[in-house]
Amino acid sequence: MSLWSPSNILAGVVLSIRRPFALGDRIRFGEHEGEVVEQALLFTRLRTARQIEVIIPNGLFLKAPIEQLSTASGLILACEVRVGYHVAREMVELMLLEAAQRVGGITDDPMPFVRIARLGERAVVYEVCVHTPRVHDQDRLLSELRERIVDVFAENRVMGGSEASRPEPV
């Protein structure tokens, strides 16, 4: 799709009127996720967590959903962990919430929560979700959350044994 196509111009006008996102917002569009750093009539520029700039022709935004990942109050971060069925669900949930509480920059409003994302053949995939107002620290906070998960699981001796008993980031 050429940047100068009429559909990009029309889409640029529609985006400027509807405003599904603004400069500084974190969005996911198709395979691209990043901070909106420029909105022009013909294209939108995203900066990924790895500081790569991606230019998306505006016409594409009319063809697929846009996921708004950040709000005025911050961002919900999610980390998946696979744990064997032999570990009690209540214990896993308590450990994941304890790990979340140990991460700096995570807020209590909304409170961190744990959900079962899916059931695997040999393990349950849990997802711990936390809120942060520090949108630009997403990668560092997720890394710290993963570190705290490993620490808490080790303290509770849930690391040993079979492969299915180890918490595995998904």
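The values are calculated or read from the model by the stated rules, or taken from the named source; none is laboratory data. No experiment lies behind these values; they were computed from the predicted model shown. As a convention, Cβ positions derive from the backbone with ideal geometry for all residues, glycine included, and neighbour counts pool all protein chains shown. These area figures cover heavy atoms from the full protein model, side chains too; ligands, DNA and RNA do not enter into them. Shrake-Rupley method; radii C 1.70, N 1.55, O 1.52, S 1.80 Å.
So the values come out like this:
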| item | result |
| --- | --- |
| Residue within segment 51-64 that is touching a Pro at 6+ places or on another chain (Cβ under 7 Å) and farther than 19 Å from THR132 by Cβ present | no |
| Residues (in a helix (DSSP H, G or I), in contact with a strand residue (DSSP E or B) (Cβ under 6 Å, 6 or more places away or on another chain) and not hydrophobic (A, V, I, L, M, F, W, C)) located in segment 110-156 | ARG146 |
| Any hit, segment 4-25, residues being at pLDDT below 85 and in contact with a His (Cβ under 7 Å, 6 or more places away or on another chain) | no |
| Segment 141-170, residues that are within 22 Å of the chain's Cα centre (by Cα), modelled with pLDDT under 90 and not β-branched (Val, Ile, Thr) | PRO167, GLU168, PRO169 |
| Candidate set: segment 65-93, residues that are open to solvent by 80 Å² or more (accessible area, probe 1.4 Å) and in contact with a Leu (Cβ under 9 Å, 6 or more places away or on another chain); chosen: the one modelled with the lowest pLDDT | ILE76 |
| Count of residues meeting criterion [surrounded by 15 or more Cβ atoms within 10 Å (Cβ to Cβ) and over 14 Å from the mean Cα position of the chain (by Cα)] in segment 118-136 | 4 |
